[in-house]
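Taking it in order: structure first as structure tokens, then the write-up.
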Amino acid sequence: MIISMKLHATPQEIAEVRKKVEEFGYKVHSIEGEERVVIAVVGVGDVTACLESVEAMPQVENVVRITAPYKFVSKEFRQGRTRIRVGGVEIGGDEFVVMAGPCSVESEEQIMRAAEGVAQAGAKILRGGAFKPRTSPYDFQGMEEEGLKLLRKAKQATGLAIITEIMGDRDVNLVAEYADILQVGARNMQNFVLLKALGKCGKPILLKRGMSSTVKELLMSAEYIVAHGNPEVILCERGIRTFETVTRNTCDIAAIPALQELTHLPIVLDPSHATGKRSLVPALSRAGVAIGADGLIVEVHPAPEKAVSDGAQSLDIPQFQRMMQELKPYIQLWQESRKKEVAAAAGR
């Protein structure tokens, strides 16, 4: 439940409410606000008795019960959008953010060419995998820490923020030392030990939807991260596995507006994994902008035909530059729509 205190409630009054909540077996997870304090309550107990008891306290303005199983990521918890600042970029705000780069970091020359190319085209964040989960144990597994060092070098050369994948809880501190955003891949969406560790890492997390996971399951995984202390989560629709074989996955494009009705977290689209075909990436990217995603994460390689992973779905740099030009009128309409939304919210 969410407890809104009266304006300028004193620390003693807030402490009394916290104590009352704890008497019913609940935990006070977070307190927000400056003039008006809002107390978030989670746990298992007699919710009706707790709600009625707290609501009767004179220092409490009102109490709202959150019915969604995912509490902190629900719109019942926060009506406005969560904005996540990464360097000079704000994801979930008034800017459409494109993340781009190769599936894997393969060499210094490759990642530097990719970084310079996507930066010139207008991308704000460089993606690149230093640790790679692969279906076959014989496939390229990534350059690991050496790859992270190359990503840092590319950041220093271009100013792009870095997003890279995290595969296990033991690597959280290492990856967080280099990356601006830690990416949880589809296979790890329900790696709960990892999600708990990411709740304490102090860096934004991009959480990809699992290949066979529902929207609710995606939100519950995000809840793990937020409930363990990290509110900066970006959701990613990357396609789900269905009976269709013409594309690598089936892009659930409707999941983006559906998620926007359910959560305040930013949502980005991965058109590369959703299709598996570079020829389809620009069209799906346009659809992502049009349907209201907060950004894209796109695979771009200087020489896709030589890529050690995901070459078939990677754009080369000229193709990416052309796509970014084609997206401009769509992004302009997106910005106008976002401004209207902000103005409408301010007027409520």
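The values are calculated or read from the model by the stated rules, or taken from the named source; none is laboratory data. What you are looking at is a predicted structure, and each value in this text was computed from that prediction instead of being measured. Glycine gets a Cβ as well: all are built from the backbone with ideal geometry, and neighbour counts include every protein chain shown.
Summary of computed values
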| read-out | value |
| --- | --- |
| Single residue of segment 207-242 satisfying the filter (more than 12 Å from the chain's Cα centre (by Cα) and among the aliphatic types (A, V, I, L, M)) that is farthest from Val298 (Cα to Cα) | Ala227 |
| Within segment 132-155, considering residues that are surrounded by fewer than 16 Cβ atoms within 10 Å (Cβ to Cβ) and in contact with a strand residue (DSSP E or B) (Cβ under 8 Å, 6 or more places away or on another chain), the one modelled with the highest pLDDT | Arg152 |
| Residue, farthest from Ser212 (Cα to Cα), within segment 229-274, restricted to residues that are surrounded by fewer than 23 Cβ atoms within 10 Å (Cβ to Cβ) and of a type in the set (S, T, N, Q) | Asn230 |
| In segment 42-71, the residues that are among the β-branched types (Val, Ile, Thr) and under 15 Å from Ala9 (Cβ atoms) | Val54, Val60, Val63 |
| Residue count for segment 41-63, restricted to those that are at pLDDT below 85 and either within 26 Å of the chain's Cα centre (by Cα) or in the same structural domain as Ala176 (by TED's automatic domain parsing) (or both) | 2 |
| Scan of segment 248-289 for residues that are among the β-branched types (Val, Ile, Thr) and either more than 16 Å from Arg338 (Cβ to Cβ) or touching a Pro at 6+ places or on another chain (Cβ under 8 Å) (or both), ordered by number | Thr250, Ile253, Thr263, Thr275, Val281 |
| Enumeration of residues in segment 198-216 that are surrounded by fewer than 22 Cβ atoms within 10 Å (Cβ to Cβ) and not in a loop (DSSP other than H, G, I, E, B) | Val215, Lys216 |
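Yes/no per residue for (1) assigned by TED's automatic domain parsing to the domain that holds Gly101; (2) modelled with pLDDT of 95 or more; (3) part of a loop (DSSP other than H, G, I, E, B):
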site	(1), (2), (3)
Val281	yes, yes, no
Ser285	yes, yes, no
Gly288	yes, yes, no
Val308	yes, no, yes
Phe320	yes, yes, no
Gln325	yes, yes, no
Lys328	yes, yes, no
Trp334	yes, yes, no
Lys339	yes, no, no
